[in-house]
Amino acid sequence: MENTTVIETNGLTKRYGNGVLAVDSVEMSVRRGEVYGFLGPNGAGKTTTLRMLVGLIRPTSGMATVAGHAPGDPAGLAKIGSLVEAPGFYPYLSGRENLKVVADFAGIGHKRVPEVLDIVELTSRAGRKFGTYSTGMKQRLGVAAALLKDPELLILDEPTNGLDPQGMAEMRKLIKDIGQGNRTVLLSSHLLAEVEQICDRVGVISGGKLVTQSTVQELLGEEGVLVRAQPADRAYELLTGMFGPAAVSRQDGSIRLKTDPAGSVEINSRLVAAGIGVSELRPIERSLEEAFFQLTGEKQGS
């Protein structure tokens, strides 16, 4: 494994005894210091993949290297913090006491407990019993437990599940803050906006297959400009002369240009100077939602 790569999988596959192929030959590469979004609909194979990466289940075939070691290797686990599925703590113990129990199991001194409580902003409520915590507080305590070892790699499985909009915003900010510097964060999510806002790169999984892996910007596609103008034929001819035939296309009564939207003022000036009336001129912004549904074959709104 290269020094810049924290997770590398080759043909990682999980087939259950009932014949269900949950993960199908996943080839994933997560780089050091990035926030990597593992994106896919519910049931796509995200949690199964994460469980294999941390050694909770064994793959049927294929292999993985995580933090320089095979999944589940104690030397590798020492560098990893994870929150896979819902956080499980003793309901009758306080948040602080629960973290001390986790620290004891991990062989970590209790000195780290107040530090992680401060990171997740739970210090003022650390004395309350876990059973009285809101969903957001429970998720924060789960992240705090994952941070106890001050890990190089943090693996979070749907950390905003069940949170209200404010709780989701707070969790996103927390993950962005945690992902600073050399720490790597692998975040699974089915929420497109979440991934778009906080991730550097994205892997999209559907039906157990990793269908693409790229930066968020690459996934969104090329920049462009949409123009609606009359007479349309004259506008098309002028713009083709400006940008060349390969950069100009017509769709649904509009003209689409593959060009930097920063040049929109010049485009408008040239059209108007030619006596062409411009009714609309704006950047083309492909949404992550559109890219996702195109890649997965899912129907929007389904």
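The values are calculated or read from the model by the stated rules, or taken from the named source; none is laboratory data. Model, not experiment: these values are computed from the prediction. Neighbour counts run over all protein chains shown; Cβ positions are idealised from the backbone, glycine included. In case anyone asks, the SASA skips ligands and DNA or RNA and just uses the protein heavy atoms, side chains included. Shrake-Rupley method; radii C 1.70, N 1.55, O 1.52, S 1.80 Å.
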Q: Look at the stretch 199-224 and say how many of its residues are within 30 Å of residue 19 (Cβ to Cβ), open to solvent by 50 Å² or more (accessible area, probe 1.4 Å) and part of a loop (DSSP other than H, G, I, E, B).
A: 1
(Q) Can you confirm whether residue 33 is assigned to a strand (DSSP E or B), in contact with a Lys or Arg (Cβ under 9 Å, 6 or more places away or on another chain) and not basic (Lys, Arg)? (A) no
Q. Quick one: would you say residue 133 is surrounded by fewer than 19 Cβ atoms within 10 Å (Cβ to Cβ) and not hydrophobic (A, V, I, L, M, F, W, C)?
A. no
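Is it the case that residue 240 is at pLDDT 90 or above and either out of contact with any Leu (no Cβ under 7 Å at 6 or more places or on another chain) or not charged (D, E, K, R) (or both)? Before you say what the answer is, go through the steps one by one.
Working: at pLDDT 90 or above: yes; either out of contact with any Leu (no Cβ under 7 Å at 6 or more places or on another chain) or not charged (D, E, K, R) (or both): yes.
When the stated conditions are applied, residue 240 passes them.
Name the single residue, out of those in the stretch 63-79 being part of a strand (DSSP E or B) and under 22 Å from the mean Cα position of the chain (by Cα), that is surrounded by the fewest Cβ atoms within 10 Å (Cβ to Cβ).
Keep residues of the stretch 63-79 that are part of a strand (DSSP E or B), which gives 63-66, 69.
Next, only the ones that are under 22 Å from the mean Cα position of the chain (by Cα) stay: 64-66.
Values: 64: 20, 65: 18, 66: 26.
This residue is 65.
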**Q.** In the stretch 24-40, the residues that are open to solvent by less than 30 Å² (accessible area, probe 1.4 Å) and farther than 26 Å from residue 290 by Cβ
**A.** 33
**Q.** Residue that is modelled with the lowest pLDDT, among those in the stretch 261-289 that are over 19 Å from residue 231 (Cα atoms) and either in contact with a strand residue (DSSP E or B) (Cβ under 8 Å, 6 or more places away or on another chain) or assigned to a strand (DSSP E or B) (or both)
**A.** 284
Q. Just checking, how many residues over the stretch 7-21 are modelled with pLDDT under 95 and open to solvent by less than 30 Å² (accessible area, probe 1.4 Å)?
A. 0
Q | So residue 104, is it assigned to a helix (DSSP H, G or I) and open to solvent by 50 Å² or more (accessible area, probe 1.4 Å) | A | yes
Q) Just one of the numbered conditions (1) closer than 30 Å to residue 25 by Cβ; (2) open to solvent by less than 60 Å² (accessible area, probe 1.4 Å) is not true of residue 87; which one? A) (1)
Q. Could you count how many residues in the stretch 41-62 are at negative phi and open to solvent by less than 20 Å² (accessible area, probe 1.4 Å)?
A. 7
**Q.** The one condition in (1) assigned to a loop (DSSP other than H, G, I, E, B); (2) out of contact with any Phe, Trp or Tyr (no Cβ under 8 Å at 6 or more places or on another chain); (3) among the aromatic types (Phe, Trp, Tyr) that residue 38 fails to fulfil
**A.** (1)
Q | Residue, least open to solvent (accessible area, probe 1.4 Å), within the stretch 159-198, restricted to residues that are touching an Asp or Glu at 6+ places or on another chain (Cβ under 8 Å), assigned to a loop (DSSP other than H, G, I, E, B) and under 27 Å from residue 294 (Cα atoms) | A | 160
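Condition test on residue 274, is it of a type in the set (Gly, Ala, Ser), open to solvent by 30 Å² or more (accessible area, probe 1.4 Å) and over 15 Å from residue 220 (Cα atoms)?
Working: of a type in the set (Gly, Ala, Ser): yes; open to solvent by 30 Å² or more (accessible area, probe 1.4 Å): yes; over 15 Å from residue 220 (Cα atoms): yes.
Yes.
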